[in-house]
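Okay, so here's the structure we're looking at.
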């Protein structure tokens, strides 16, 4: 495992360290990241750009920001010099700041990102994970600082909700990943090991910290930007929104956001799921699956993924597997079986491997693809359900340093 601070060129054998002297005052300029095209044009008009030029100028900026990855207005060579100065006076393109980057022995990367100060000067952290595989590269992004759902098997769920992320903070995680991986056109042109198709990040999953459907509007705007064909241009079929089961928003998400859908199921009876995913007390399994059946565009080519963490002596019996088959009837679906990733203080254990294989066999025989997800990034606490710990360690160090 290799962990590094902002000075990425030097390895830090002692683990993550705080980046000193991060600014604590809010930049009065408007950050353009996360604005829709219409909002961007409106912001330009308010800054003095003639309205008749606003859409054209917004399109120019869009390309520089999301197609070229530029953060400095002075480098936007097809924009008049006087206007570039005006843009720099009024706006910023700042990303979240990398506090630490950790690289697992399996190549998984986890970034602890510090957000711009809130109005009260407070700064918050989120974690973002990049998982490279032979045929894809998946970026797992957060939608909230903390989480409100308290799922008992999930480390993130032990952290209270602080606030929603803005659309810019959500999109900013992808921009940071592309910066660090060298995925912008100029960097790729100089990289002899650039992947086919020119993308390190081929897939994006909203499976980091937080519940995306409790931050609906910002997630919607962020995914529109990510999928825009003249910018980041990531197909909505390569974007997966994962929810713990916010039933009233599921169909709306299909209609308005239009990404692939994943459901954090983890239990086959309400009694068990109530304990694992307390949101089930509000929206029980029957309601959740009815909403899934109504998800727009559902088909064999647009299946819903059901995530199922394997917990020893909790939800891993033959009877559980058979019940799951019955529950999923009439839903085009696949099931991701997730070996439980332990974290400090948990009482849960991962199911034994023969038990997981038996569970998968029952699902496969019933016609449901049920791959067992290989745990990635466990050694840096970057695996499913483990996000949070690095943030807390950093905060603890800050408190110690201030004493």
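The values are calculated or read from the model by the stated rules, or taken from the named source; none is laboratory data. Since we're looking at a predicted model, the values are computed, not measured. Backbone-built Cβ (ideal geometry, glycine too); neighbour counts: all protein chains shown.
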Segment 291-313 - residue that is touching a helix residue (DSSP H, G or I) at 6+ places or on another chain (Cβ under 6 Å) and more than 14 Å from residue 243 (Cα to Cα) and, of those, surrounded by the fewest Cβ atoms within 10 Å (Cβ to Cβ): 294
With respect to residue 134, determine if the residue is assigned to a loop (DSSP other than H, G, I, E, B), out of contact with any helix residue (DSSP H, G or I) (no Cβ under 8 Å at 6 or more places or on another chain) and farther than 30 Å from residue 313 by Cβ. yes
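When the residues of segment 221-230 are narrowed to those that are surrounded by fewer than 20 Cβ atoms within 10 Å (Cβ to Cβ) and touching a helix residue (DSSP H, G or I) at 6+ places or on another chain (Cβ under 8 Å), which ends up modelled with the highest pLDDT?
My answer is 228.
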When the residues of segment 357-375 are narrowed to those that are touching a strand residue (DSSP E or B) at 6+ places or on another chain (Cβ under 9 Å) and more than 21 Å from residue 303 (Cβ to Cβ), which ends up modelled with the highest pLDDT? 357
Conditions (1) more than 18 Å from residue 71 (Cβ to Cβ); (2) assigned to a helix (DSSP H, G or I); (3) in contact with a helix residue (DSSP H, G or I) (Cβ under 7 Å, 6 or more places away or on another chain): number failed by residue 153: (2)
Looking only at segment 297-331, how many residues end up being touching a strand residue (DSSP E or B) at 6+ places or on another chain (Cβ under 9 Å) and assigned to a loop (DSSP other than H, G, I, E, B)? 7
Quick check on segment 201-213. Is at least one of its residues over 23 Å from residue 109 (Cβ atoms) and crowded, with 16+ Cβ neighbours inside 10 Å? yes
Could you please let me know if residue 199 is under 19 Å from residue 243 (Cα atoms) and touching a strand residue (DSSP E or B) at 6+ places or on another chain (Cβ under 9 Å)? no
When you scan segment 144-159, do you find a residue that is farther than 28 Å from residue 266 by Cα, surrounded by 20 or more Cβ atoms within 10 Å (Cβ to Cβ), touching a residue at least 24 places away in the same chain (Cβ under 8 Å) and assigned by TED's automatic domain parsing to the domain that holds residue 222, even just one? no
